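Below: one structure, written as structure tokens.
The values are calculated or read from the model by the stated rules, or taken from the named source; none is laboratory data. Please read all numbers here as calculations on a predicted model, not as lab measurements. Positions of Cβ are generated from backbone atoms using ideal geometry, with glycine treated the same way; all protein chains shown enter the neighbour counts. Just the protein is used for accessible areas: all its heavy atoms, side chains included, with ligands, DNA and RNA removed. Shrake-Rupley method; radii C 1.70, N 1.55, O 1.52, S 1.80 Å.
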Amino acid sequence: MSKDDPQFNLRIPLELRAKISKAARDNDRSVTAEIISRLQSTFLDEEPSEVAAVHEIIDRANLLLRHFKR
């Protein structure tokens, strides 16, 4: 993601923001990256199953890499 990407203002309940923030910390991501990852995953059902499986494998591999780099 670059600074040239458009911004989007969003109001969310405080409890949801807290859950997203915790998930972002747990996944070693920024809040923005966590939200984008979760939004993108909702579209996986629209992709062919092979493509969705590859995306899931990549996401899990990236999570493992971040975990072991600590």
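Key figures for this structure:
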{"item": "Enumeration of residues in segment 1-27 that are in a helix (DSSP H, G or I) and open to solvent by 70 Å² or more (accessible area, probe 1.4 Å)", "result": "Leu14, Glu15, Leu16, Arg17, Lys19, Lys22, Arg25, Asp26"}
{"item": "Tabulated pairs, segment 22-41, first among the aromatic types (Phe, Trp, Tyr), second modelled with pLDDT under 90, C-beta under 7 angstrom, 6+ apart or interchain", "result": "none"}
{"item": "Pairs with Cβ under 7 Å, 6+ apart, first in segment 51-67 and without any contact (Cβ under 8 Å) to a residue 40 or more places away in the chain, second aliphatic (A, V, I, L, M) and open to solvent by less than 80 Å² (accessible area, probe 1.4 Å)", "result": "Ala52/Leu44; His55/Leu44"}
{"item": "Residue tally, condition farther than 24 Å from Phe8 by Cβ, surrounded by fewer than 11 Cβ atoms within 10 Å (Cβ to Cβ) and at pLDDT below 80, over segment 28-68", "result": "3"}
